[in-house]
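The values are calculated or read from the model by the stated rules, or taken from the named source; none is laboratory data. Please read all numbers here as calculations on a predicted model, not as lab measurements. Cβ: placed from backbone, ideal geometry, glycine included. Neighbour counts: every protein chain shown. Calculation scope for accessible area: heavy atoms of the full protein, side chains included, ligands and nucleic acids excluded. Shrake-Rupley method; radii C 1.70, N 1.55, O 1.52, S 1.80 Å.
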Amino acid sequence: KEIEKASKACTAICMWVRAMHTYHFVAKGVEPKRQKLAEAQAELDVTMAKLQKARDQLQGVMDRIQELEDGYNQSLAKKE
């Protein structure tokens, strides 16, 4: 209010400086969170790769079980 009485141009500069000051502290608080997010995302990527590998192995086992069941059922059908 005091500056506004003195100069309109100075008021705008003062508002900009205060906004930059606020931005600095907000950015300073957000940066560690961004780093933690990046670390968590990297860990998630590794875990998801392991999960996909396990799912692929499971699918291979399930396919083999299905083959064995089909062969068993065919053998039973031939006996009858």
All positions within the stretch 52-77 that are open to solvent by 90 Å² or more (accessible area, probe 1.4 Å) and hydroxyl-bearing (Ser, Thr, Tyr): Tyr72
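Results for (1) of a type outside the set (Asp, Glu); (2) open to solvent by 100 Å² or more (accessible area, probe 1.4 Å); (3) at pLDDT 95 or above; (4) within 31 Å of the chain's Cα centre (by Cα), shown as yes or no for each residue.
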site: Lys5; (1), (2), (3), (4): yes, yes, no, no
site: Cys10; (1), (2), (3), (4): yes, no, no, no
site: Met20; (1), (2), (3), (4): yes, no, yes, yes
site: His24; (1), (2), (3), (4): yes, no, yes, yes
site: Gln35; (1), (2), (3), (4): yes, yes, yes, yes
site: Ala38; (1), (2), (3), (4): yes, no, yes, yes
site: Asp45; (1), (2), (3), (4): no, no, yes, yes
site: Lys50; (1), (2), (3), (4): yes, yes, yes, yes
Number of the condition not met by Val30 [criteria: (1) under 20 Å from the mean Cα position of the chain (by Cα); (2) open to solvent by 80 Å² or more (accessible area, probe 1.4 Å); (3) closer than 30 Å to Ile3 by Cβ]: (2)
